[in-house]
Each structure stands twice: as structure tokens, then as C-alpha cells.
Amino acid sequence: MRLLVLGINYAPEMIGIAVYTTGLAEAMAEHGHDVSVVTAVPSYPGWKVFDGVRKRGYRSKGNGPRVVHCPLYVPRVPSGARRILHYASFALCAAPVTLYYALRYRSDMVFVAAPALLSAPVGWLVARLTGAKCWLHVQDFEVEAAFATGLLPKQGLAGRLARRFERWILRRFDRVSSISRPMLDKLRDKGVAPERIFELRNWADLTRIAPGGDPAAMRAELGIATPHVALYSGNLANKQGLEILPEIAR
């Protein structure tokens, strides 16, 4: 299969969605598929283009999946409006490259990783223009996250337009996947046909992450005297619902 991946986050970013999009593209290439990736210059999570990376112009590499990094606007302080500009600039800069790669390598499938949902119309339109299938993978529901964190007002014109755009684009893809069953339920609630929904979970490399030996040293270092330890691993922000952790502790 000839696969074209479109996503704002990719290696050398080391955390978040980049890990999973990179892993998927590399695994597909290792299994003999022809894989192209259109992504942005790396800037997450520090909201700053990585040192040593050219900020303007396009750069590409061809070891494994062929990858092209597109320039984009990276705000120093990512407010709601600036985040939208950030994502929109990627969609704009990625559009001609995505079309070029789809035509040159005759892609069978255009796979869009969201965030950023604003780039999803690019992937969908390129797929339609070139006769490829289109797949949208939802790692996060950005509109709901924007409401939860106050980056976008839930009431008013902007909120209504955001919800309408989300529902419109979700219904356009041949396949829409997400990472958990509750998120698949949300896709159905947003109008995605059940036969188009697919569960595509995130993964862990069990050859690198495995239970260790005696944890006494870590307990001593952290001063833990209780019989059980619970670990939360992930982002710390309003949308994560971390208020449940004190209840769990009690």
C-alpha cells in the first residue's frame, strides 16, 4: 500500500502524539508499505522550533518513511486565537506538499492525525482529488478541549462554528478512528456512521518498558510508606479531569 500521513506532530518530537504517528509510519514502512509523511517543523512541547532546525522553508529526509517538514507559525504564548493561527498555518503550508506527494507517489490512503483538525480538510480534499481513501485518526477532541480549558468560549458564534466544523469534517472521511471506547462513543454522538468507526489504540513498547525489580529504593527516595502506589502519567491541564485524583487517594 502507498500511504500518505499528514500530521503536525512527528519525530524528533519525543512526547505526545508525535510518538504514535512516528511509530505508525515507521512500522508500516518496515512491513513493506510505501510511506510518505507531511508534518511540521518540531516545536512541541516548548512552543519553540527546536534548536538547529531551519524555521523557514521545507526540509525533507528519506530514511525509512520519506518525511517533509513544513514551516508554520509558532506562538510564544499559545492563546486560543494564536493556537488557531498555529494550526491554520500548518494546514496552509502543508496543502501543496500533500497534494504533490499524493500525485507523485500515487497514494492509496491519506491518513490524517488530529490534532490538528484544521488540517483534516487538506487531507480529505487531496484524497478526493487523487482518488485515494481518507482516514482520520482522532487523538484528542480539540473543540471539547478548547471549551474545557477556556481557550474557546462554549457559547456564542465561535463555539457554534467550531462544533459545526467538527461535525462536518468528521462525517467526510471514509474511516474515522480513535484511541478508546468512550472516544468511539463520542464519534457516534457526533454523527459518524458506526460502520466507518475503528478503534486504533495507542501502544507501548514492552521490550523497553517492563516491570522492574525491588521498588524499595524509589519508595525510600520519595518517602512512600503506603502499601500501594498509583501513577498518573500524562499532561497536567484543565481538560484531564485530575480533580478525581484526591478522591482516588482518599
Scan (1) surrounded by fewer than 18 Cβ atoms within 10 Å (Cβ to Cβ); (2) in contact with a Pro (Cβ under 8 Å, 6 or more places away or on another chain) for the single condition residue 96 breaks and write down its number. (2)
Pick from 60, 79: which is open to solvent by 20 Å² or more (accessible area, probe 1.4 Å), small (Gly, Ala, Ser), in contact with a strand residue (DSSP E or B) (Cβ under 6 Å, 6 or more places away or on another chain) and at pLDDT below 95? 60
Scope the range 100-121; condition within 25 Å of residue 144 (Cβ to Cβ) and part of a helix (DSSP H, G or I); matching residues: 117, 118, 119, 120, 121
Mind listing whichever residues of the range 140-159 are part of a loop (DSSP other than H, G, I, E, B) and either surrounded by fewer than 15 Cβ atoms within 10 Å (Cβ to Cβ) or of a type in the set (Ser, Thr, Tyr) (or both)? 150, 153, 155, 156
Residues that are open to solvent by 90 Å² or more (accessible area, probe 1.4 Å) and in contact (Cβ under 8 Å) with a residue 40 or more places away in the chain, drawn from the range 199-231: 203
Can you name the residue in the range 227-250 that is closer than 29 Å to residue 152 by Cβ and hydrophobic (A, V, I, L, M, F, W, C) and, of all such residues, is modelled with the lowest pLDDT? 237
Residue in the range 207-226 that is of a type in the set (Asp, Glu), modelled with pLDDT under 95 and more than 19 Å from residue 88 (Cβ to Cβ) present: yes
Residue count for the range 164-198, restricted to those that are part of a loop (DSSP other than H, G, I, E, B), open to solvent by 30 Å² or more (accessible area, probe 1.4 Å) and among the basic types (Lys, Arg): 2
Restricting to the range 122-139, what's the tally of residues that are assigned to a helix (DSSP H, G or I) and open to solvent by less than 50 Å² (accessible area, probe 1.4 Å)? 5
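The values are calculated or read from the model by the stated rules, or taken from the named source; none is laboratory data. Being a predicted model, the structure only gives us computed values, none of them experimental. Backbone-built Cβ (ideal geometry, glycine too); neighbour counts: all protein chains shown. Side chains included, ligands, DNA and RNA excluded: accessible areas come from the protein's heavy atoms. Shrake-Rupley method; radii C 1.70, N 1.55, O 1.52, S 1.80 Å.
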